[in-house]
Amino acid sequence: MGGPARLTLVLGGARSGKTAFAEGLVAGSGLAPVYVATGEAHDDEMAARIARHRSDRGPAWRTVEAPLDLAGTLRCEAEAGRFLLVDCLTLWVTNLMMAGRDVEAECGALGAALEAGLAGPVLLVSNEVGLGIVPDNAMARAFRDHAGRLHQTIAALAGTVYFVAAGLPLKMKG
Amino acid sequence: MGGPARLTLVLGGARSGKTAFAEGLVAGSGLAPVYVATGEAHDDEMAARIARHRSDRGPAWRTVEAPLDLAGTLRCEAEAGRFLLVDCLTLWVTNLMMAGRDVEAECGALGAALEAGLAGPVLLVSNEVGLGIVPDNAMARAFRDHAGRLHQTIAALAGTVYFVAAGLPLKMKG
Amino acid sequence: MGGPARLTLVLGGARSGKTAFAEGLVAGSGLAPVYVATGEAHDDEMAARIARHRSDRGPAWRTVEAPLDLAGTLRCEAEAGRFLLVDCLTLWVTNLMMAGRDVEAECGALGAALEAGLAGPVLLVSNEVGLGIVPDNAMARAFRDHAGRLHQTIAALAGTVYFVAAGLPLKMKG
């Protein structure tokens, strides 16, 4: 019940098919799927895109928004019989930075919540962003550092880790 | 004869050795190798580089240029006894964008041609470009999205997919 | 004694946990660990960071600085009973470029030294930087090309190559 073994991390690049792969894992579990969205609609185009994705997932999925308080949302929502899909960690890190939050502290709190164990399984999707040239601007470098450290923390706790490229999963752990 | 099982995708980063690895696969097949070049010589330096690569491949290789009409070229050139190497998809996407073409429609037409089946085997080389920070400029973001979607399409059709890093292939499928 | 089979390459992205993984391999070998640092302290922040890392590694580690003459340092320092960890190659390439050196010649000399065989095992850590969008500026493109070619050279000589993401190693060779 709860515990790190119930955690899955799906890493991948932009347009790598990581979310579709993750949705397939959750939908195939037989549990009630919950989509934990970290993205927010800041304009009409974004709102339309979010609505389209929600419609694509179909009526079996419930959607919960967690732009900032991800650890609290996971603690509230997790329960036996439900499978939470968090999409995605990098967007959450971006939101924390934009809101002026202490990103390392928030990432530490998320790690602590996951390590303490939740009442049901959670899959976290995130963008790998550290395999290009060092970015020119300091904000992008800080973002890249936060994301990389968070991925290490989550991967250490997760029972299963996938790296997705071109829609194909590569199992890194589990 | 024809069909998705005869398709190979080789993904890799810049200077990852992906083309040399792909050339080895094609040259080792015993079939007549055909190099389908999507790159064009826009200046003398590029022309010299293309001529050097052609000379490096040696006289066994025939070279065909397909900067824009890749689906048509593959349909024309594919035949039993020949092995086509397309180098590379990301350059083709760049050419389509520069020429103002409808990239999604062209990628769809390429996918349809590959799905319908060609008369001989084809290996496609492409750059993975989605593992760095989100680019500042909209054109680069659109390019990255087009490339990622195309890789998913081709990987789903391909019988074999490799990811190459530091000259070493990692089999993702097949 | 010496020879390519004693070489290990650890590739990974920014904040991928590649250095911690590499330190674990070297520390677990039972040999005397030597940290060959290619980074230099150009300011107080950097100096503090270097001092912190040195303290984190603990007293078992000896540290040697090799910002430019990496091949010479490896020839001097390598011996049976010692395990050298070079951290990292991409920083060394940056130093060479900043110093106006002939990078291809220096990389060739390093490759020759490693191919000739050293008197003890060496592990080299490097950043994979070729999986993002083509950089706008020519210096970054040249850096990316140098790094990619060097990784291919070292990987061909190495007995073992790992790719590290989110702190998890994926064995590419060996």
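The values are calculated or read from the model by the stated rules, or taken from the named source; none is laboratory data. Everything numeric here is computed off the predicted structure, so don't read it as measured data. Cβ placement follows ideal geometry from the backbone for every residue including glycine, while neighbour counts extend to all protein chains displayed. What goes into the accessible areas is simple: the full protein's heavy atoms, side chains included, and nothing from ligands, DNA or RNA. Shrake-Rupley method; radii C 1.70, N 1.55, O 1.52, S 1.80 Å.
Observations on the structure shown:
- Neighbours by Cβ (under 8 Å, 6+ apart or cross-chain): first from region A:14-27, open to solvent by 60 Å² or more (accessible area, probe 1.4 Å); second part of a loop (DSSP other than H, G, I, E, B): A:Arg15/B:Gly130; A:Ala20/A:Gly167; A:Ala27/A:Ala60
- Within region A:91-102, tally of residues that are part of a helix (DSSP H, G or I) and open to solvent by 10 Å² or more (accessible area, probe 1.4 Å): 5
- Single residue of A:Ala14, A:Ala37 found to be out of contact with any Gly (no Cβ under 7 Å at 6 or more places or on another chain) and within 25 Å of A:Ala140 (Cβ to Cβ): A:Ala37
- Count - residues of region B:47-68 that are closer than 19 Å to B:Asn127 by Cα and either open to solvent by 60 Å² or more (accessible area, probe 1.4 Å) or at pLDDT 90 or above (or both): 6
Quick grid of which residues meet (1) at negative phi; (2) among the hydrophobic types (A, V, I, L, M, F, W, C):
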| position | (1), (2) |
| --- | --- |
| B:Thr8 | yes, no |
| B:Arg15 | no, no |
| B:Lys18 | yes, no |
| B:Glu23 | yes, no |
| B:Val26 | yes, yes |
| B:Pro33 | yes, no |
| B:Asp43 | yes, no |
| B:Ala48 | yes, yes |
| B:Arg52 | yes, no |
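- Complete set of residues in region B:4-31 that are within 14 Å of chain C (Cβ to nearest Cβ) and among the polar types (S, T, N, Q): B:Ser16, B:Thr19
- Positions within region C:145-169 being open to solvent by 20 Å² or more (accessible area, probe 1.4 Å), assigned to a helix (DSSP H, G or I) and either within 14 Å of chain A (Cβ to nearest Cβ) or touching a residue at least 40 places away in the same chain (Cβ under 8 Å) (or both), in sequence order: C:Asp145, C:His146, C:Arg149, C:Thr153, C:Leu157
- Residues in region C:117-133 that are under 17 Å from B:Gly130 (Cα atoms) and either more than 7 Å from every other protein chain (Cβ to nearest Cβ) or within 13 Å of the chain's Cα centre (by Cα) (or both): C:Asn127, C:Glu128.
- Enumeration of residues in region B:103-128 that are in contact (Cβ under 8 Å) with a residue 60 or more places away in the chain and either open to solvent by 10 Å² or more (accessible area, probe 1.4 Å) or assigned to a loop (DSSP other than H, G, I, E, B) (or both): B:Glu115, B:Ala116, B:Gly117, B:Leu118, B:Ala119, B:Gly120, B:Pro121, B:Asn127, B:Glu128
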